[in-house]
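Scroll down for the structure; my scribbles are underneath it.
Please treat every number below as a calculation from the coordinates, not as lab data. Here the structure is a predicted model, which is why all the values come from computation and not from measurement. We place every Cβ from the backbone using ideal geometry, glycine too, and count neighbours over all the protein chains shown.
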Amino acid sequence: MRPLTEEESKTVFTKLANYIGKNLVHLIDRQDEPHCFRLQKDRVFYVSESSMRLAISVARPNLVSLGTCFGKFTKGGKFKLHITALDYLAQYAKYKVWIKPNGEMPFLYGNHVLKAHLGRITEDTPEHQGVVVFSMNDIPLGFGVTARSTVDTRKLDPTAIIVFHQADVGEYLRDEETLF
Amino acid sequence: MGRRAKNKQGDPRPIDQAYDKPSQKKLGKRKADEVDSGAKRPAKKVKENAVKPLKAPVAANGKTKSALKVAKPRADQPKPKKQKQARFEDEDEDEDEGAGSSEGWEDVDDDGDLKAQAKSLFNESDEGEFVGDLDDLDIDAIADDDDLLKGPVQELDLGSDDDDDDEPELPVKLKGKKSKQQERPLKIIPTGSDASSDESDEDEDEDEDGPITMKNMEARSRALDARAAREAELNAEEFRQAELAGEQSGDDLADADDVDMDEEGEGADDSEGFVLPTAEEREEEKKRGGPDVHTVQRRMRECVRILGNFKRLAAKGRARSEYVQQLISDIGSYYGYNDFLAEKLFQLFPVAEAIEFFEANEVPRPVTIRTNTLRTRRRDLAQALINRGVNLEPIGKWTNVGLQVFESSVPIGATPEYLAGHYMLQAASSFLPVIALSPQAGERVLDMASAPGGKTTHMAALMQNTGVVFANDANKARTKSLTANVHRLGCKNVVVCSYDGREFPKVIGGFDRVLLDAPCSGTGVISKDASVKTNKSERDFSLLSHLQKQLILCAIDSVQPDSKTGGYLVYSTCSVTVDENEAVVDYALRKRPNVKLVDTGLEFGRPGFTSYRGKTFSDKLSLTRRFYPHVHNMDGFYVAKFKVERRTKVTKPDAEAGPAGEVDVAMDGESIAFNDDEDKQYIEGASSLRAPCPIDVCGIGCLAAEITIPPGDLACSIELGMTLILSLRCLQRTSGNA
């Protein structure tokens, strides 16, 4: 486990800012307990500092996970956000999309969100903006990227894609093997 | 429509009502199911849904229109649910259309529920209405009377069939906004678990609350009584035949003996004097490919009966052990256990209870889920799942996060709520060690064998994501599922590592609480994994027990005795054998005098054994708790809670082997403060380092070093535990001379 380098931090924060924007500061400087990012085997973990200090005593080959895994660095150096980060994304998300009950299952199977499934969407969402997808009961289901801005979405026909799927909670079942 | 339109099928019924229609296959078994449902339902329904008047049980057997019509008006009055009324009306219409029998069947099903649900409310009114249909009346009366008896009996006989029948019924019944009551009838078919879970939900003034209550025991004892009654009949008949046949033994199973002798030439039935050549007979049996199931079953029953009243019933000249041997081997062949395990498990219980235990292992335990309090509340979760079509109920008073799933039209492990981390599929028995441990917020907790993470996430939820939970599992592949569950349920204070548990506390110690859910033989979860019956041998038990003893010592050493809020260790296994449970706990008590057993805090469960087959354990072992599938309707389980105190100076005459003493000294890691007592000896030793050797055997005048010899280390005749001052060379010389 080691802290992130400058470069890595920048990559991660850029990615996160795409979804939570200015609320990123809430992650970095928390009021209640200071948290930090740590890197272990290409995975980025967000963990409270006290837990992190205890986890130092665990040897590198034996440490599997600490706190919350946000995602991992690919071989090409890009940072991929995992579904495990959903809790924090949902909490601080700037732009949200709600899908109707009939659209829940397709999304959980990994498909994109169609206009027909759209329940609600935050006003003034720009195009290609990271959004968090919720069910109508406000249960976070995953996140993605908008295909069109809110304004344009209104003009689309029901079969058009409005949110590109990036991660959904169904992955806990589908990608059990590869998730960790 | 054409001719005889009234015989043609009408419009499909609106969705709500259509669900009630059971499949034809189900209908075939209707009567039995219904009777059972009647038997099982009453108290619970009354308690929960006291105000749900429903169609009269009249039509329980009645397939006639009149029955329906009679039932209907009455049903209409008290019933608050328009839905039901509408359905009944529709059913009447359907009858007219010629699908009469199915309506009747339908009603029967409904009636079963209703009857069960609000029996007390409707008894009188039912009878009043019955006048119109004498047939129904009679049948119902009979059904009522026989409910109790038939119920459990049928439970035994129709086990597998019923399960099959349950399936088609489920999707039909469980949709939409059905009330719990309406959904519940689906569980009509009494499997062992169903019956017990039904009854378990009933509120009984039983100390053993939870999934099993008095009702279950009653049902089971009724089952045994029924069995006994049948046996008695059989015996009487055989006795008569025996007399006819002129059998000289005059024992109960004389006839069986004759038969056996004729068929197999062994007559190994116990009541007759033929058990003696048992070894030969059994070999013969085995050569013949084993006895047939009925013979074995009969023999088992006989053995149980005789052993229950040995003085009176045993044949002369036959020892008790012969009967026991025969019974054990029959159990092995009937239930599919290897000999070693059959005997081991048999010896845990009194005879009749042993049979119950083996029977319970054939039947799966109810599916249970645990609400994740970090994300939702039990009530909200139950509501959401019911909306999806899951039939569930709270487990019992002892937990406020557990839900028992009766049936579900959707896969319970794949609902959006599951994926969002609102609940975890977990056996009810797995709640127990965490409840016993009760970790507090802000503590540092260790879970030594945590995969797949049910208990770890439970602890994190109890601690409300504060403090730190170290989740360890020796198997790296299983840490994947552990991590996935941790993340899915939103536990943010968990550190997952993969060590052999015996490496703690070297890796990190000073925990406030430690949970050790030790790897075990799994004899408590045979109903989940039948391979345990055959693949466990004596060697497995000794290996496992050894591992468990090592782990528990390491766990004890990892606990910080000075912890302000904690200092507890919970040891649990999913096994019922004594050498994995009480023996390990007793070992820990002996090896670590600074720990003591405390009350687990669980109100139900059998106390642990304080002595077993010649081995005696500390009296405090009665504070530990044992759980059995046939008593509590949860997996076999064992929970023991220790309080770890400060360790006082380790005394040399430990009377144990050397390594133990060394280990004690070496792993004194629980307090990092200096221990003056222990340090004193070293300081004194160091000060004498430069003094001349008093023995001076070798005459060289070398310098002395104070050597503390742990007992047993030296092979020479040095008194145990004495501190000697010898020069190293003298030491060699002395040992050479000694």
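Couple of notes before you dig in:
- Prolate/oblate/rounded call for the stretch A:2-88, Cα gyration tensor, a/c under 1.5 rounded: oblate
- Nitroxide proxy distance, nm - points 7 Å out along Cα→Cβ at residue A:75 and residue B:616: 6.8
- Ordering of A:74-87, B:548-561 by packing [mean C-beta count within 10 Å, highest first]: B:548-561, A:74-87
- ³J(HN,Hα) computed for each position of the stretch B:300-305 - Karplus, 6.51 cos²θ - 1.76 cosθ + 1.60, integer Hz, glycine/proline x: 4, 4, 4, 4, 4, 5
- Shape summary of the stretch A:95-174, radius of gyration then Dmax from alpha carbon positions: 11.2, 35 Å.
- Ranked from largest, the principal axis spans of the Cα set of the stretch B:538-641 equal 40, 33, 22 Å.
- For the stretch B:326-418, a Kirkwood hydrodynamic radius built from all Cα pairs, placed in the Stokes-Einstein relation at 20 °C and 1.002 mPa s, yields a translational diffusion coefficient of 135 µm²/s.
- Put simply, the convex hull of the Cα atoms in the stretch B:428-644 casts, on average, a shadow of 11.3 nm².
- When the listed pairs B:344/B:641; A:80/A:115; B:397/B:506; A:10/A:100; A:41/A:100 are checked against a 29 Å cut-off, the alpha-carbon distance exceeds it for B:397/B:506; A:10/A:100; A:41/A:100.
- Extension gain for residue B:319 to residue B:288 (0.36 nm times residue separation, less C-alpha to C-alpha distance): 8.5 nm.
- Evaluating kT/(6 pi eta Rh) at 25 °C and 0.890 mPa s, with the Kirkwood radius of the stretch B:276-389 over Cα pairs in the Stokes-Einstein relation, gives 144 µm² s⁻¹.
- Residues residue B:310 and residue A:30, FRET efficiency given R0 of 60 Å [Cβ-Cβ distance, rounded to 0.05]: 0.25
- Theoretical FRET efficiency, 1/(1+(r/R0)^6), r = Cβ-Cβ of residue A:116 and residue A:23, R0 22 Å, to 0.05: 0.10
- Computed on the stretch A:2-88, with alpha-carbon pairs under 8 angstrom and 6+ residues apart, the relative contact order is 23 percent.
- Under 5 Å, built H, 5+ apart or other chain: amide partners of residue B:392: B:406
- Debye-sum result for the stretch B:366-426 in log10 I(q)/I(0), which assumes one identical scatterer on each alpha carbon, at q = 0.30 Å⁻¹: -1.58
- In order along the stretch B:356-365, the Karplus-derived 3J(HN,Hα) couplings, from 6.51 cos²θ - 1.76 cosθ + 1.60 at θ = phi - 60°, round to 4, 4, 5, 4, 5, 6, 7, 10, x, 7 Hz, and Gly and Pro are given as x.
- One decimal place: the segment residue B:347-residue B:590 gains 85.0 nm when fully extended, by the rule 0.36 nm per residue minus the C-alpha distance.
- Note on residue B:683 and residue B:540: their simple-model spin labels are 5.5 nm apart, each label 7 Å out from Cα toward Cβ.
- Averaged over B:413-421, number of beta-carbon atoms from partner chains that fall within 10 Å: 6
- When peptides B:426-434, A:59-67, B:355-363 are ranked by their average number of other Cβ atoms within 10 Å per residue, the highest-first order is B:426-434, B:355-363, A:59-67.
- Computed over chain A: relative contact order in percent, which uses C-alpha pairs under 8 Å that are six or more apart: 17
- Over the C-alpha atoms of chain A, the Rg to Rh ratio, Rh being the Kirkwood estimate, stands at 1.00.
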